[in-house]
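Comments concern the structure below.
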Amino acid sequence: MLRVVGLWGEVSAEDHEDGGASHHGGGYKIVQWEWSYVQTPYIIAIWLLVASVAKILFHFSQRFTTVVPESCVLILLGLVLGAVVLIANKKQLYQLDPGLFFLFLLPTIVGDAGYFMPSRLFFDNLGAILMYAVVGTLWNAFCTGFCLYGVKLAGVIDDKVQAGLMEFLLFGALISAVDPVAVLAVFEEVHVNEMLFIIVFGESLLNDAVTVVLYKVYISFVEVGPGNVQTADYFKGVASFLVVSIGGTMVGLIFAVILAFITRFTKKVRIIEPLFIFLLVYLAYLTAELFSLSAILSMTFCGIGCNKYVEANISQKSRTTVKYTMKTLASIAETIIFIFLGISAVDKSKWAWDTGLIACTLIFIFVFRAMGVVGQTWILNKFRLVPLEKIDQVVMSYGGLRGAVAFALVVLLDGEQVKAKDYFVATTIVVVFFTVMFQGLTIKPLVKWLKVPRSTNRKPTINEEIHERAFDHILAAIEDIAGLNGYHHWRDKWEQFDKNYLSKLLLRKSVYHKSELWEAYQKINIRDAISVIDQGGNILTSARLSLPSMASRTSFPEVTNVTNYLRENGSGVCLDLQVIDTNPGAKVEEETETHHVLAGNLYKPRRRYQSHYSRHFMTVGDQERQEREVFQRNMRNRLESFKSTHYKRHKKDRSQKKARAQLHLSQLLLLLTSRVKPTNTQLRLGMTQAELVLKREGCSEENKGERSEPDKDEDVGITFVARKGSETPKERPKSVPAALEVCQSPSVAPPSPTCGEKNLPWKGGIGTLPPCVSVEATKIIPIDLQQAWNQSISSLESLASPPVPQEPQHPRVSFQFPGGKEEEEESALSQQQQEMQPLMPSLRPPPPPPSGWCVGKLKLCSLMGL
Amino acid sequence: MGSRASSLLREEDIEEIKKETGFSHSQITRLYSRFHSLDKGENGALSREDFQRIPELAINPLGDRIINAFFPEGEDQVNFRGFMRTLAHFRPVEDNEKNKDPSAGEPLNSRNNKLLFAFRLYDLDRDDKISRDELLQVLRMMVGVNISDEQLGSIADRTIQEADTNGDMCISFSEFIKVLEKVDVEQKMSIRFLH
């Protein structure tokens, strides 16, 4: 946006003073003091640490956080730190450096905001946002500037403030813009409804162009002197505004297209996908800055523009990485900005207090903001479908927060030309503090008191997804019929264009051919799956007490981590997800869907290793066909494992250790699942088994896939692979999180209702009771499982003999559904039906001798017990 | 053209339409000129072909269904009154209408009527239930060819399961209302008619 000022200027100055002293002190030293060498990064790191720790401490008190916004506390902390530094050093070493701010801190926040901007909402309200951003900011700037000048003439402002009309207009321009950082920080905690938020926040982003132009124009006017300004200069100002705003937007959109296009081809280099996003979004900012266009506009539109395509192209892992990295950076940047604002305030050298100026500025910005909002809303409401209510206007007026942008701009002023700079700096600091702290503190009670509709943190159901799409089509059609070229008409046109040209260019082929509705459906399914697993995690804690025998084997924190892990990643799936909520009413079918997701994905490991699991068990079974099949598989597998043990011997030790640890985990999962209500239980059991399968695979078998090396397993901090099924069907993640990951990735094939499914007992809850399973049978399940559980526990405790099976054996590894992409649809289906058979008897009241489920569990547990 | 067209409209007709639909005088005349320009047969009524001539409707996935919604059952002509009655569903709900006395009957642009309009698009056989097949048809229209029947089927199944409360594997209108109760239908099913 503006010129670059030496970064960390203070630090580097100090660096020169004592640099070199520690080097080459003569003779060899065992330990050397290399402060000057590490100083700069060290200080940066320390500051980041301080800021982060401050956040932790602050969030210790729940009640405190609900009342006081974080930004207030951070500013206060900054004040304290500033005072400490001042007392210790006699002079202020640190301040919010404009170069640092504009080049590093602001882009991280704007980048995050732009990339995760809810674009539909943004464009729905674009008219209002533009109006407030352009007209509102101009109005504020001029009125504040002129009135301050008027007040100055009237003598309210002290004569020491040497400023003419141009200076006051300049000051008005920089103080009038609503600040995105402050708005985000405060509004995120207030949770007003989305429309209100997007209007205020959108305004704060888009007014950047106005601020930049006004600021530059006035600075040039101040430089040449007000007398020398010609009429042409005003027109130049207007032209400059158009160039800066439209140019900035164009730069952003160009980079968005480049970025989306690049991500089309990153399939082989998944690991650097996030980097591309960060780089190009940042480059959009820098490029705009390079041509002195509006960098914020550029970055915002780059983010908005690329989001749809990039998110569709990159893998789920990358998506999560991008999300987390962006949020982390933005959060830390915000923290630093507020702390440094506080610190900057404690600097006597910059201060020049004038009560008149400060009081007038505060009054003017507040009054004009309110007037501007009311006036513009009056005009806007004539055109808006949803009029902005009085309450909205109050919140919008009150939410006009000023922040670090204004401060950085005022610090950038040239003290030689703007004589009253010190006064302006002091005033700006007071205004920023007042708006962020006082208004930030009071806006929450105000919103409550006015009963402003709050945002609901609710995710759309599949019905809403479908019907709202239908609504959009209906509205577009009605506009066409009524001959109105309204908003929906143009949106429809845009969507046609997007579908026919843009998406074709910017989306991968595999993605392009996916239906949005299907994606939405998958997303909902995944969400449900996570919520199911998440609940399982919670149940674990209750299982802990009742099962002390297990407690000795596994560390519980570890598992709670898994739960947390899931919860966190749950938010990574869908952008607007923060919390995983559950819909108990639709539980049963959700589980069916979850089951589908799992089933579709768990196919691979089972196919390869089924024999392992069935070797000791299937002999009990009496179906010849199955036996034959199992035998064949067995043989093939033995051969394979023989090969691979030779091949991978050196790796074995390590991977086995890992496998053991993973088994413990899954054992816990199994534990917890058995305590769940009937419908959940089987599903989870299936999951757990599947995990075991996966793990066994991961530790003992050939690691052909690039992803399957044991080392790679460790980097699963944030895992969830998008579209694994379709794009890389050969790869299967092989670790505990990976097993969970499976439920994230959309299933390869449509989980079609198969015969097997109809036989699944939990399907019974939704009205398609198969003839062979009665309602009673489904009710029996918990008891049955309880028995199975008890058996397995006792077997665990009594089992002194070494485990027969090296691998966990289980027949029910076949949560698999035939899918379009799998060739063996037919056979899988029939297998499945058969494998359902052992399940059925076990559901009947008098359980026949070891049914598939029970035995499998026994085996599992016995294995784990060792 | 507008003036010529509106001259064909009698004042008392306008008054009646105004009362029934809630459109303003200028909106009615504006829409009448639109109606007139669509009416190629110049017989004071629109046929399906008249609608199908609108180019954008041809690419609207639900275009045909929406055209159908304009025609009363069993008829293939719609006059201006009927045309306006259908359009009135999409008038935004205004503040002063919210607390109008309920005795005047439900206005056409009420939440329920908006939803009913959408519901009728699905409900082809007018049995006041959206069956799986009916839902599948609409879904197929909306998603295009890139999605397999099985995928679509699972979406439809889930949609019905989610909405269905009485276990008949269909979505009745009351279930339809219930499942969309959290959606701002008043806003999402309204367009701004020029004054």
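No lab work stands behind these numbers, since they all come straight from the coordinates. Note that the coordinates shown come from a computational prediction; the quantities given were computed from them, not determined experimentally. Quick reminder, even Gly has a Cβ in these numbers, built from the backbone with ideal geometry, and neighbours come from all protein chains shown.
Where in the range A:337-372 are there trypsin sites (Lys or Arg not before Pro) that are in a DSSP coil and have at most 14 other Cβ atoms within 10 angstrom of their Cβ? Working shown, then result.
Values: sites: A:348, A:350, A:369; in loops: none.
Qualifying residues, ordered by number: none.
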> Where is the GNM fluctuation largest for chain B (alpha-carbon springs, 10 angstrom cutoff): B:11, B:134, B:20?
Replying inline: B:11
> Expressed as a whole number of Å, what is the distance separating the alpha-carbon centroids of the range A:127-203 and the range A:40-74?
Replying inline: 28 Å
>> Output wanted: per-residue J couplings in Hz (rounded whole) for the range A:345-360, from phi through Karplus 6.51 cos²θ - 1.76 cosθ + 1.60, θ = phi - 60°, x for Gly and Pro.
In response: 5, 8, 8, 4, 4, 8, 7, 8, 8, 9, 4, x, 4, 5, 4, 5
> Taking Rh as the Kirkwood radius computed over C-alpha pairs, what is the Stokes-Einstein D of the range B:13-89 at 4 °C in a medium of viscosity 1.567 mPa s, expressed in µm² per second?
Replying inline: 101 µm²/s
>> Which residue fluctuates most in the GNM of chain B (Cα springs below 10 Å): B:59, B:177, B:155?
In response: B:59
> Where the centre of each part is set by its Cα atoms, how far does the range A:428-490 sit from the range B:44-63, in angstrom?
Replying inline: 32 Å
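Calculate, for residue A:269 and residue A:239, the FRET efficiency according to 1/(1 + (r/R0)^6) with r their C-beta to C-beta distance and R0 41 Å; round to the nearest 0.05. Numbers along the way, then the final one.
On the way: r = 43 Å, r/R0 = 1.06.
Computed FRET efficiency for residue A:269 and residue A:239: 0.40.
Return the subset of A:308/B:129; A:390/B:19; A:55/A:451; A:327/A:350; A:267/A:327; A:160/A:236 for which the Cα-Cα distance in this structure is over 31 Å, preserving the input order. Please report the intermediate quantities before stating the final value.
Numbers: A:308/B:129 36 Å; A:390/B:19 29 Å; A:55/A:451 29 Å; A:327/A:350 33 Å; A:267/A:327 24 Å; A:160/A:236 33 Å.
From the list (A:308/B:129; A:390/B:19; A:55/A:451; A:327/A:350; A:267/A:327; A:160/A:236), the Cα-Cα distance tops 31 Å for A:308/B:129; A:327/A:350; A:160/A:236.
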>> Compute, for the range B:13-89, the length of the dipole vector about the Cα centre, with Cβ point charges of +1 (Lys, Arg) and -1 (Asp, Glu) only. Units Debye, rounded to 20.
In response: 280 debye
> Ranked highest first by average number of other Cβ atoms within 10 Å, how do A:378-384, A:177-183, A:247-253, B:48-54 line up?
Replying inline: A:177-183, A:247-253, B:48-54, A:378-384
> Where in the range A:201-289 are there chymotrypsin sites (Phe, Trp or Tyr not before Pro) that are in a DSSP coil and have at most 14 other Cβ atoms within 10 angstrom of their Cβ?
Replying inline: A:265
> Got a sec? How would B:36, A:467, A:513 order by Cβ neighbour count within 10 Å, fewest to most?
Replying inline: A:513, B:36, A:467
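Are there trypsin sites (Lys or Arg not before Pro) in the range A:254-292 that DSSP puts in a loop and that have at most 14 other Cβ atoms within 10 Å, and which ones?
Details: sites: A:264, A:267, A:268, A:270; in loops: A:264.
Sites meeting the loop and neighbour criteria: none at all.
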> Where the Cα atoms of chain B are projected onto their three principal axes, how long is each span, largest first, in whole Å?
Replying inline: 55, 41, 27
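Classify the range B:108-190 as rounded, prolate or oblate from the Cα gyration tensor: take a ≥ b ≥ c as the square roots of its eigenvalues, call it rounded if a/c is under 1.5, otherwise prolate when a/b beats b/c and oblate if not.
Judged from the Cα gyration tensor, the range B:108-190 comes out prolate (a/c at least 1.5, a/b above b/c).
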